[in-house]
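A quick write-up on the structure given underneath.
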Amino acid sequence: MSDILLQLNNVTKSFADGNGTQTVLDDISLAVKAGEFVAIVGPSGSGKSTLLSIAGLLLSPDSGDVIIGGNTMLNSKSNIRTAFRRKHIGFIFQTHQLLPYLKTKDQLLLFQDKEYNDSVTANDLLEDLGILECANKYPANMSGGERQRVAIARAFINDPDIILADEPTASLDATRGRYVVELIRNQTKKRGKAALMVTHDERVLDLTDRVLHLTDGKLRSM
Amino acid sequence: MKFALRELLYGKKKYILIELLLVLLMFMVLFLCGLVEGLGRAVTSAIDNRVADYYILSDSAEKLITVSELPDGIINEVREKTNSEVTTLDIQRMYLQKQGEERKLNVIYFAIDANSFLAPSVIEGKTLEYSDKDNPIVLDDDFMAEDIHVGDIIIDSASGFEFNVVGFAKDEMYGHVSVGFITRDSYTQIRTRLNPQYGTTIHALAFKGKPDDLDMDGKELVKKQDIIDNIPSYRAEHLTITMIIYVLVIVSAIVIGVFYYIMTIQKRRQFGVMKAVGFGMGKLSAIVVSEVSLLSVFAAVVANIFTFAMSAVIPQKMPFHLLPADAVSVSAGFVLISIVSSLISIIHISRVDPIQAIGGNDE
């Protein structure tokens, strides 16, 4: 599979900073293919989160294009981008960010857009991620690792084009963190998604296909 | 609705406390509502209960029956000209004494034709028409609490005229005073005893249905509701307390809006995440409106149950009279204003930037 599902072309972003502007992303280009798992590392404040926000259509770049599954959505209205995110982008956050009042199966079923996609079933995902026995539990009754696995299931439930993971191991210990990244990798491969992960955790980089380093607004291969 | 129900059930403890507050507020509003109506009924019920639709008064009477004055012969004149049923009504405030007792009781006489449509139905004893006693009187049931019974003799204090108590009618009051229904004949005798020059005049004519083609020279045709509104003090009392009720309804509804807003602020990040993963404002607004509707409808229903249950057990003398129509309109107003007040939460959510879902202190 060589289809490019996520493509950033010449993306630049700067923020006002005291007595000038600081260029956080400087003419960045990036392409991630179906089935490819890419990691972005870099020091704190290097703009990793900004890059992920732009790729996730949460933030508009000053210039450049973001193409997801062949669609350029940057110029759409915010409500259209919101609807697009639900179908085409799977997010995994630092902490699980599950809704505290929903049981696991409802986290998936109430989020699933059945008109758009019913090929992925909640049961299959829970089974793949080894958390079928958590289907009727609230987040408060699960371990950190289990919650993060439910969050992974939620990211995949609408069969999106790309998966964006923001420090998915930040709230977990080393063993569990590694296990969670393995699961992201396996699902990405199995379901043919383009996955982009921002991380500090160098111990999981061997699980990715490519590692990119973000320093001084530039992206370099390692 | 699925989200709303699950969230409310998950946070039961928190929401039950809020519900408790709302139920108490709504209960207070509904109870006041019943008191307003009850107090209002103490002023108007004797007119309200009459099946007359229109009254004719003298045009200088300012729509007040007690100061109106019409010539005696008018009833026959009018009967010739209209097909509507018509009868006479005189209203006179006096004092009564139970035979052998000194204590004077306030009474308002409604002097009527015993077999006319103005005659009250009775809850005990006989009506004026079917009584075989001389000088019969049918009293408001509040007189029962004064230890007066069917068969007693009571005396008009000023004239010494004796009445036979033949029956009791429910809820018959005028201007906070309990009513006694007497015949025109008794009334004329009392007036003549007090003032031998009493020339027979009448206060008002009452009609069933709207009379047509009448010569209204020196007279005025007045609707039943206008008669009620012009009873002294009625309008001022009614308006004041009604205004308090609506202020309370608005306050209770805003309480729910403010509570909900505080909880919304606490869930800022949660809404940010929901927006990031693709829930649009339409969906989020629907969740908010469903939750607020559920909370307010539930509070209104519980408060209604409490109030109606309580109205069944409060003492007879307490002026409490809650109309289902009033309870419904107050409850509906409460629910509607609650939903409107949830708008501040929706506006707050619309300003949440989904980008806060990404990154911790990275930027």
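The values are calculated or read from the model by the stated rules, or taken from the named source; none is laboratory data. The structure presented is a predicted model; accordingly, all values stated were derived computationally and were not measured. Every residue, glycine among them, receives a Cβ derived from its backbone with ideal geometry; neighbour counts consider all protein chains shown. Quick note on the areas: whole protein, heavy atoms, side chains included, nothing else; ligands and nucleic acids left out. Shrake-Rupley method; radii C 1.70, N 1.55, O 1.52, S 1.80 Å.
Miscellaneous remarks
- Screening B:Arg351 against (1) more than 33 Å from the chain's Cα centre (by Cα); (2) of a type in the set (Lys, Arg); (3) modelled with pLDDT under 90 leaves a single unmet condition, (3).
- Qualifying position, being β-branched (Val, Ile, Thr) and open to solvent by 20 Å² or more (accessible area, probe 1.4 Å), among A:Ile89, A:Ile80: A:Ile80
- Of all the listed residues (A:Thr82, A:Thr95, A:Thr104), the sole one being more than 18 Å from A:Arg191 (Cβ to Cβ), within 14 Å of another protein chain (Cβ to nearest Cβ), among the polar types (S, T, N, Q) and without any contact (Cβ under 8 Å) to a residue 24 or more places away in the chain is A:Thr82.
- Among residues of the range A:1-47 being more than 25 Å from A:Gln94 (Cα to Cα) and within 12 Å of chain B (Cβ to nearest Cβ), the one that is surrounded by the fewest Cβ atoms within 10 Å (Cβ to Cβ) is A:Asp17.
- Residue in the range A:48-60 that is surrounded by 21 or more Cβ atoms within 10 Å (Cβ to Cβ), part of a strand (DSSP E or B) and among the β-branched types (Val, Ile, Thr) present: no
- Note on the range A:48-79: residues that are small (Gly, Ala, Ser) and either within 24 Å of A:Glu115 (Cα to Cα) or away from every other protein chain (no Cβ under 14 Å) (or both) amount to 7.
- Matching residues in the range B:10-24 - criterion: being open to solvent by less than 80 Å² (accessible area, probe 1.4 Å) and outside any loop (DSSP other than H, G, I, E, B): B:Tyr15, B:Ile18, B:Glu19, B:Leu21, B:Leu22, B:Val23
- Within the range B:319-330, the presence of a residue that is polar (S, T, N, Q) and surrounded by 16 or more Cβ atoms within 10 Å (Cβ to Cβ) is excluded.
- Subset of the range B:49-93 that is more than 21 Å from B:Ser116 (Cα to Cα) and touching a Ser or Thr at 6+ places or on another chain (Cβ under 7 Å) - its residue that is surrounded by the most Cβ atoms within 10 Å (Cβ to Cβ): B:Ala61
- Exactly one residue among B:Val288, B:Val301 is open to solvent by less than 50 Å² (accessible area, probe 1.4 Å) and either on the phi < 0 side of the Ramachandran plot or out of contact with any helix residue (DSSP H, G or I) (no Cβ under 8 Å at 6 or more places or on another chain) (or both), and that residue is B:Val288.
- If the condition is being part of a helix (DSSP H, G or I) and free of Cβ contacts under 8 Å to residues at least 40 places away in the same chain, then the range B:275-285 contributes B:Gly282, B:Lys283.
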